[in-house]
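The values are calculated or read from the model by the stated rules, or taken from the named source; none is laboratory data. Because the structure is predicted, anything quoted here is derived from the model rather than measured. Please note: Cβ atoms are built from the backbone with ideal geometry, for glycine as well, and neighbour counts cover all protein chains shown.
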Amino acid sequence: MKKCGRLTALLLAGLLTLSGALAGCSEKAAEEAETGGADQETTAPVQAAEENTSGGEASDALIAVEADYDWTAGVAKNDYGGYEFMILNGCTASWYSYTLVTTEETTGEPVNDAVYERTQRTNEFLNVDVKENNVSDSTAELKRSVKAGGGDFDVALCTLMNSFGIAMEGNILDLNTLGGQLDLSTSWWDQNAVHDLDINGKLYFTTSDFDTTRFDSIRSLYFNKQLVTDLSLENPYDLVDDNRWTLDKFVEICALGESDLDGDGVMTDTDRYGYVTYGELAVDMLTAGAGIRYIDKDPDTGRLMDGTQGEKLVDVYAKIYDLLWTDNRIFDCRQSRYSKYDRGLGDRIQEPVFTENHAIFYSECMAWTRVLREMEADFGVVPPPKFNEDQDRYYSIILNPFMQMIPITEKETERTCNILDVLAAASHDTVVDAYVNVTLTGKVARDPDTVRMLHLVFAELYYNLHFSNISIRSTIQNGLTGGQENISSMIQKTAKSVNKGLEKVNAQFFG
């Protein structure tokens, strides 16, 4: 044996096993997980999430696991003679709800026991021994292994922000070239990822029900139901249903939340705001929700292009700037005018401000929903607002989950694909079910409207295309969080380097 070492849903997975970690899910924090320090109609993804390859009626569960789901249907049964299947896992950052993908025993904690069950299912079905090597920097370890000729692991889990770079350096296989060894059309593979991450028919990595970090990584938007009622505001659920949930409407409601509650003339953590978050996350969530893709695909050729050109970005940028910097509509815990009131909690001041009824809206990575479970007031969840009512769908951005990839040095790709497929299929009604339908009981999904909205959020996931040599995202983020009112001049300054970066990427994928 080789080796040495180790759809749709919400999060809260490691709730009972992980206590309150203080690191946020900003780009920097997400990268610490590695370093240690074509549009679809709205209903289509929902239907895909609720259908099994063998058909069957969906249950009432949040993720709509089919009532007659048979995890063995659609996967090949084989005997690999006790082969040790090693997974290189780079998920170590404490803000994730759950970091390990294997477990040695049951403990009574739902997700742990579900991980144990899916692993045992796979081990018995294929006569293998699934193991993992949990490291702080799986990107570096993957590259080291490939350079040395491989043989250390079968599958690697690396963050999305690093994955395209890994692929372009020739470290991993194109999953679409494996001759049908891996059927990515089944219900346990995330079809949004398969669609968004494919470039010119090349798909080097994706994700499935095997993974939980894709749920944790979603930039989510919550609202305080009590404040909506007390302030006689329009119900966000009704706005979504009536196709009036737009960026303008969101900014309008946020403005109505601003109030110097104690009348001392100073806005602090005990006054009221329309929105509490930090600028970097708000920019990612709101630009994506408005249909702005930092890097987009040409609808005719599929080639990558700058998605921020044109008047739409200027309009979206102006609306977000107005939200972040006009008056005191938003408690941005990273702005100096508010950071002095963070109670020593840093980014985590967001949760007390929201749970103590000092903000109508709150957004963070969905992993942090776990801190809202004991909130006295009810809260709901909605997708990020659209740009306008003409936008054909909602977009819930999922920025930096861990992706599944196969090193280019892997020799037995048919065996690897078979095991990976079985792990995903065996997770569909175990890990995901526990992660969402068991762990997510109580306040988060205790009413039908919230369940319905969560279906919508997870059906409309959008995966960001990230290349380290293309600075579009950082340009927009830095401009908005730094208080730069005009984006046009900044875009012009970076246009040459952006186009050069896109040419390099396109040359590799379309050469």
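Just give me the residues in the range 310-367 being in contact with a Gly (Cβ under 8 Å, 6 or more places away or on another chain) and β-branched (Val, Ile, Thr), in sequence order.
Those that are in contact with a Gly (Cβ under 8 Å, 6 or more places away or on another chain) and β-branched (Val, Ile, Thr): 330, 360.
Please work out which one of (1) among the charged types (D, E, K, R); (2) over 26 Å from residue 96 (Cβ atoms); (3) surrounded by 24 or more Cβ atoms within 10 Å (Cβ to Cβ) is the condition residue 216 fails and give its number.
Against the list (1) among the charged types (D, E, K, R); (2) over 26 Å from residue 96 (Cβ atoms); (3) surrounded by 24 or more Cβ atoms within 10 Å (Cβ to Cβ), residue 216 comes up short only on (2).
When the range 121-166 is examined, which residues are found to be among the β-branched types (Val, Ile, Thr) and in a helix (DSSP H, G or I)?
Within the range 121-166, 122, 139, 146, 166 meet the criteria.
Tell me which residues, restricted to the range 455-493, are outside any loop (DSSP other than H, G, I, E, B) and hydroxyl-bearing (Ser, Thr, Tyr).
462, 463, 474, 475, 481, 488, 489 - these are the residues of the range 455-493 that are outside any loop (DSSP other than H, G, I, E, B) and hydroxyl-bearing (Ser, Thr, Tyr).
Starting from residues that are part of a loop (DSSP other than H, G, I, E, B) and of a type in the set (Ser, Thr, Tyr), keep the ones in the range 254-290 and report whichever is farthest from residue 379 (Cα to Cα).
268
Give the range 477-494 a look and list any residue that's of a type in the set (A, V, I, L, M) and either at pLDDT 95 or above or outside the structural domain of residue 279 (by TED's automatic domain parsing) (or both), or say none.
Of everything in the range 477-494, just one residue is of a type in the set (A, V, I, L, M) and either at pLDDT 95 or above or outside the structural domain of residue 279 (by TED's automatic domain parsing) (or both), namely 480.
Out of the range 223-241, which residues are under 26 Å from the mean Cα position of the chain (by Cα) and of a type outside the set (Phe, Trp, Tyr)?
224, 225, 235, 236, 238, 239, 240, 241
Could you check the range 329-368 and list, in sequence order, the residues that are in contact with an Asp or Glu (Cβ under 6 Å, 6 or more places away or on another chain) and surrounded by fewer than 19 Cβ atoms within 10 Å (Cβ to Cβ)?
341
Do any residues in the range 313-327 that are closer than 16 Å to residue 252 by Cβ have Cβ atoms under 8 Å from those of residues that are of a type in the set (Lys, Arg) and in a loop (DSSP other than H, G, I, E, B), where the two are at least six apart or on different chains, and which pairs are they?
323/329
Pull up the range 385-435, narrow it to residues that are more than 20 Å from residue 211 (Cα to Cα) and under 20 Å from the mean Cα position of the chain (by Cα), then point me to the one that is surrounded by the fewest Cβ atoms within 10 Å (Cβ to Cβ).
393
Six or more apart or on different chains, Cβ under 7 Å: which pairs go from a residue in the range 172-193 that's closer than 22 Å to residue 395 by Cα and in the same structural domain as residue 422 (by TED's automatic domain parsing) to one that's of a type in the set (D, E, K, R) and surrounded by 21 or more Cβ atoms within 10 Å (Cβ to Cβ)? Could you list them?
Final answer for the pair search is 188/209; 190/214.
Specify which of the listed residues (212, 206) is assigned by TED's automatic domain parsing to the domain that holds residue 422, out of contact with any strand residue (DSSP E or B) (no Cβ under 8 Å at 6 or more places or on another chain) and over 18 Å from residue 282 (Cα atoms).
Among 212, 206, only 212 is assigned by TED's automatic domain parsing to the domain that holds residue 422, out of contact with any strand residue (DSSP E or B) (no Cβ under 8 Å at 6 or more places or on another chain) and over 18 Å from residue 282 (Cα atoms).
Pull up the range 482-508, narrow it to residues that are surrounded by 18 or more Cβ atoms within 10 Å (Cβ to Cβ) and within 26 Å of the chain's Cα centre (by Cα), then point me to the one that is nearest to residue 201 (Cα to Cα).
It comes out as 506.
Could you list, ordered by first residue, the pairs with Cβ atoms under 8 Å in which the first is in the range 239-257 and under 11 Å from residue 273 (Cβ atoms) and the second is of a type outside the set (Gly, Ala, Ser) and part of a helix (DSSP H, G or I), at least 6 apart or interchain?
254/323; 257/227
Does residue 376 satisfy the condition of being more than 24 Å from residue 248 (Cα to Cα) and acidic (Asp, Glu)?
Numbers: more than 24 Å from residue 248 (Cα to Cα): yes; acidic (Asp, Glu): yes.
The answer is yes for residue 376.
Please tell me if residue 136 is in the same structural domain as residue 417 (by TED's automatic domain parsing) and modelled with pLDDT of 95 or more.
yes
Residue 170 fails exactly one of the following numbered conditions: (1) surrounded by fewer than 24 Cβ atoms within 10 Å (Cβ to Cβ); (2) over 22 Å from the mean Cα position of the chain (by Cα); (3) more than 21 Å from residue 509 (Cα to Cα). What is the number of that condition?
The failed condition is (3).
Taking residue 437 as meeting all but one of (1) over 29 Å from residue 339 (Cβ atoms); (2) out of contact with any helix residue (DSSP H, G or I) (no Cβ under 7 Å at 6 or more places or on another chain); (3) modelled with pLDDT of 85 or more, write down the number of the exception.
(3)
Write out, first by first residue and then by second, each pair whose Cβ atoms fall under 7 Å of each other, whose residues are 6+ apart or on separate chains, and whose first residue, in the range 223-238, is β-branched (Val, Ile, Thr) and part of a helix (DSSP H, G or I) while the second is modelled with pLDDT of 95 or more and surrounded by fewer than 21 Cβ atoms within 10 Å (Cβ to Cβ).
Here the result reads 228/235, each pair linking the range 223-238 to a residue that is modelled with pLDDT of 95 or more and surrounded by fewer than 21 Cβ atoms within 10 Å (Cβ to Cβ).
Of all residues being in a strand (DSSP E or B) and of a type outside the set (A, V, I, L, M) in the range 199-222, which is nearest to residue 186 (Cα to Cα)? Just the residue, please.
Restricting to residues being in a strand (DSSP E or B) and of a type outside the set (A, V, I, L, M), the top hit is 208.
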